[in-house]
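Colleague: This structure is in structure tokens; I'll ask about it shortly.
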Amino acid sequence: MKLEVLRFNSSDDFTNGILFNVSNNTRKFLSYTLEDEARTVKVAGETRIPAGEYKLSLKKVGGFHTRYSKKFSWHIGMLKVMEVPGFTEILLHIGNDEGDTAGCLLLGKTSQDNFIGRSTDAYTEVYKIVAPVVESGEEVTIKYIDYDGKIDQQKTVSKPKSEDNVLEELQQIKKELTALRKAWILKGLQVD
């Protein structure tokens, strides 16, 4: 299974995004997301993870797991993002604003700046799709893609043309001029 987080809106305090299931080469909406802001230097509990593709696993110990196991009869472990350089304990979980995230990925059914609503509903739906696949042993990845922030201007650099390319272009121009000349002559000879 392949998941994708498209980050589309950043500020100094948060990042809004959308979570998709992109298995079978199709994009299916799963939920809105909320994370901490991007930073060039990590601040613990205040920085989103770098863009990239990571594996998911199930974390079956810890405070979140204990609370969620008591709250949800179907809970089998926290969805955890693995092997993120410089980060640990990155989970997908319930929450509403950047104060709830500490670098993790919050899920919601509605979205606005620094807030996602109906987080429990979104978490339940996503969890019931993803967790059984992780538990089965099938590889599940989540790819974070940055569509937010500064857009760099791309400059087109023309390659130097070889003599052969220049000769081909000149021959094409000559053909086009010849065709134009013939059209003008024919137009001049036409009787109205």
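Every number in this text was worked out from the coordinates using simple rules, so none of it is lab data. All of these numbers come straight from a predicted model, not from anything done at the bench. Every residue, glycine as well, gets a Cβ built from its backbone with ideal geometry; the counts of neighbours run over all protein chains shown.
Colleague: With θ taken as phi - 60° and the coefficients 6.51, -1.76 and 1.60, list the Karplus ³J(HN,Hα) couplings across segment 27-43 in order, rounded to whole Hz; mark glycine and proline as x.
Modeller: Ordered by residue, 3J(HN,Hα) equals 9, 10, 5, 10, 6, 7, 10, 9, 9, 5, 7, 7, 9, 6, 10, 5, 10 Hz.
Colleague: Using a Förster distance of 30 Å, how high is the FRET efficiency between Asn9 and Val61, based on the Cβ-Cβ distance and rounded to 0.05?
Modeller: 0.35
Colleague: Right, something else. Just to be sure I understand the model, the point goes 7 Å from the Cα along the line to the Cβ. What's the resulting Thr120 to Trp74 distance in nm?
Modeller: Each label point is offset 7 Å from its Cα along the Cβ direction, giving 1.4 nm.
Colleague: Here is a follow-up. Which residues' amide hydrogens lie under 5 Å from the amide hydrogen of Leu3, considering only partners 5 or more residues apart or on another chain, with H built in the peptide plane?
Modeller: Those lying under 5 Å, H to H, from Leu3 are Val22, Thr141, Ile142, Lys143.
Colleague: Whole-Hz Karplus ³J(HN,Hα) for segment 56-69, in order, using 6.51 cos²θ - 1.76 cosθ + 1.60 and θ = phi - 60°, x for Gly and Pro?
Modeller: Karplus values, whole Hz, x for Gly and Pro: 9, 9, 10, 9, 9, 9, x, x, 4, 4, 4, 5, 5, 5.
Colleague: Along its principal axes, what span do the Cα atoms of segment 1-144 show, with the longest given first and each in whole Å?
Modeller: So the three principal-axis extents are 38, 36, 30 Å.
Colleague: How much length would be gained if the chain were fully extended between Arg39 and Ala51, taking 0.36 nm per residue of separation minus their Cα-Cα distance, in nm to one decimal?
Modeller: 3.1 nm
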